[in-house]
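Take a look at this one; I'll ask things after.
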Amino acid sequence: MNVDAIIIGAGACGLMCAVQAGFLGKKVIVLEKNSKPGAKILISGGGRCNYTNQFATTEQFISENPHFLKSSFKQWTVEDSITFFETYGIIGKEKTLGQLFPLDKNAKDIVEVFTSLCEEMEQEIRCNIDVKDVEQTADGFKVNYVSGEKNKSIIAPKLVIASGGLPIPKMGATDFALRFARNHGLNIIETAPALVPLTITGKDEDWYAQLSGNSVFCEVSNDEISFEENILFTHWGLSGPAILQISSYWRRGEVFNINLLPHQNIIDVIDDERKTNGRNQ
Ligand SMILES: Cc1cc2nc3c(=O)[nH]c(=O)nc-3n(C[C@H](O)[C@H](O)[C@H](O)COP(=O)(O)OP(=O)(O)OC[C@H]3O[C@@H](n4cnc5c(N)ncnc54)[C@H](O)[C@@H]3O)c2cc1C
């Protein structure tokens, strides 16, 4: 089979890459470990997929190389994302802080945009393929994989590794890209959890569990950054958008602050309560 490129991984990145290559008249094959493409897209945004943000800027991304982001954003703007999805029937509706979700559709429809376009342009997405390693050849790449317990390989002049990050191995996540980068002598920045809830253990555990289900608008900050969004008390600790955000800037042992009354003075709040509801409270 002759293809211009092999793409490893049929997640958001691999699928978009296959579509864009198709628009340029390039033939690719996408190799995917799972039995279906787009597993993580399907669970994104609670199954509704927050597919872009109207106010996204390069400064909001955590990167050792801001120039890479500037160039990416220049080549594919937020407006491009909105127009792309609109073209294929996904109209955006802002939920909060610029987050766009499909108005009357969900994450499954987002995956379908990609899979339908791949089908139309005859870009093959081959599932149940576990890529084991890649060899560089004189005129490209040889990708070795296991399919149905058989060792196989495929060659192409170009290779795209879109095998994603480490979270949620149950959904197909592997350290393939990280291993590849290590084996090829690239500088590796230590990985750390990001956009995750926080588990509270020890003496405060029960206190947090008692408040489980309550969501409060807060300011969550550390020396580096501050976010104003909701926090959610859970049975195991803290979640909600503000906690997910600060988790990317927090490391074990460090401190961050939660202000439960942002832009309000506690004394004024108590005084007001006394005046209006004093005897009842
Ligand atoms: C609960 C949750 C909610 C989220 N909600 C949102 C949201 O609303 N909006 C948003 O923008 N982002 C959201 N995200 C983040 C978003 O899902 C990811 O950033 C995005 O899916 C990453 O896409 P990717 O293509 O880089 O990687 P992935 O989606 O992880 O795709 C990589 C693919 O490569 C395959 N693969 C890995 N190794 C191999 C191998 N060796 N051989 C073959 N295939 C392999 C995997 O099976 C996988 O399908 C959410 C994430 C989670 C966990």
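Right, Phe180: over 30 Å from Ala12 (Cα atoms) and open to solvent by less than 60 Å² (accessible area, probe 1.4 Å) or not?
no
Please find, within region 145-185, the residue that is nearest to Ala39 (Cα to Cα) out of those that are over 21 Å from the mean Cα position of the chain (by Cα) and of a type in the set (A, V, I, L, M).
Going through the qualifying residues, I end up with Val146.
Next question, about the same structure. Taking only region 32-71 into account, find how many residues are in contact (Cβ under 8 Å) with a residue 24 or more places away in the chain and within 15 Å of the ligand (Cβ to nearest atom).
Qualifying residue count, region 32-71: 25.
Has region 72-80 got at least one residue that is assigned by TED's automatic domain parsing to the domain that holds Ile155 and either away from the ligand (no atom under 14 Å from the Cβ) or under 23 Å from Ser248 (Cα atoms) (or both)?
No; the residues of region 72-80 include none that is assigned by TED's automatic domain parsing to the domain that holds Ile155 and either away from the ligand (no atom under 14 Å from the Cβ) or under 23 Å from Ser248 (Cα atoms) (or both).
Would you mind stating whether Pro197 is in contact with a strand residue (DSSP E or B) (Cβ under 6 Å, 6 or more places away or on another chain), within 16 Å of the ligand (Cβ to nearest atom), touching a residue at least 12 places away in the same chain (Cβ under 8 Å) and closer than 30 Å to Pro37 by Cα?
Details: in contact with a strand residue (DSSP E or B) (Cβ under 6 Å, 6 or more places away or on another chain): yes; within 16 Å of the ligand (Cβ to nearest atom): yes; touching a residue at least 12 places away in the same chain (Cβ under 8 Å): yes; closer than 30 Å to Pro37 by Cα: yes.
Answer is yes for this residue.
Every residue in region 176-214 that is over 23 Å from Arg252 (Cα atoms) and not in a loop (DSSP other than H, G, I, E, B), please.
Hits for region 176-214 are Phe176, Ala177, Arg179, Phe180, Ala181, Arg182, Asn183, Gln210.
Find the residue count for region 5-31, including only residues that are within 6 Å of the ligand (Cβ to nearest atom) and under 18 Å from the mean Cα position of the chain (by Cα).
The qualifying residues number 7.
Which numbered condition in (1) farther than 30 Å from Ile155 by Cβ; (2) of a type outside the set (Gly, Ala, Ser); (3) more than 11 Å from the ligand (Cβ to nearest atom) is the only one that Leu100 fails?
Evaluating Leu100 over (1) farther than 30 Å from Ile155 by Cβ; (2) of a type outside the set (Gly, Ala, Ser); (3) more than 11 Å from the ligand (Cβ to nearest atom) leaves (3) as the failure.
Right, next: All but one of (1) more than 12 Å from the ligand (Cβ to nearest atom); (2) β-branched (Val, Ile, Thr); (3) closer than 27 Å to Ile168 by Cα hold for Ile110; which doesn't?
Just one mismatch for Ile110, condition (1).
State whether the residues of region 98-121 include one that is open to solvent by less than 60 Å² (accessible area, probe 1.4 Å) and on the phi > 0 side of the Ramachandran plot.
yes
I'd like to know if region 217-231 contains one or more residues that are in contact (Cβ under 8 Å) with a residue 60 or more places away in the chain and within 30 Å of Val131 (Cβ to Cβ).
no
Scan region 157-175 for residues that are in contact with a helix residue (DSSP H, G or I) (Cβ under 6 Å, 6 or more places away or on another chain) and either of a type in the set (Phe, Trp, Tyr) or in a strand (DSSP E or B) (or both) and jot them down. I'd like the intermediate steps shown before the answer.
Filtering region 157-175 down to residues in contact with a helix residue (DSSP H, G or I) (Cβ under 6 Å, 6 or more places away or on another chain) leaves 160-163, 171-172.
If the condition is that a residue be in contact with a helix residue (DSSP H, G or I) (Cβ under 6 Å, 6 or more places away or on another chain) and either of a type in the set (Phe, Trp, Tyr) or in a strand (DSSP E or B) (or both), then Val160, Ile161 are the ones that fit.
Considering (1) more than 26 Å from Ser44 (Cβ to Cβ); (2) assigned to a helix (DSSP H, G or I); (3) not β-branched (Val, Ile, Thr), say which one Gln264 fails and leave the rest.
Of (1) more than 26 Å from Ser44 (Cβ to Cβ); (2) assigned to a helix (DSSP H, G or I); (3) not β-branched (Val, Ile, Thr), only one is false for Gln264: (2).
The values are calculated or read from the model by the stated rules, or taken from the named source; none is laboratory data. Values in this document were obtained by computation on a predicted structure and should not be read as measured data. Note that each Cβ is placed from the backbone with ideal geometry, even for glycine, and that neighbours are counted across all protein chains shown. SASA here: full protein model, heavy atoms, side chains in, ligands and nucleic acids out. Shrake-Rupley method; radii C 1.70, N 1.55, O 1.52, S 1.80 Å.
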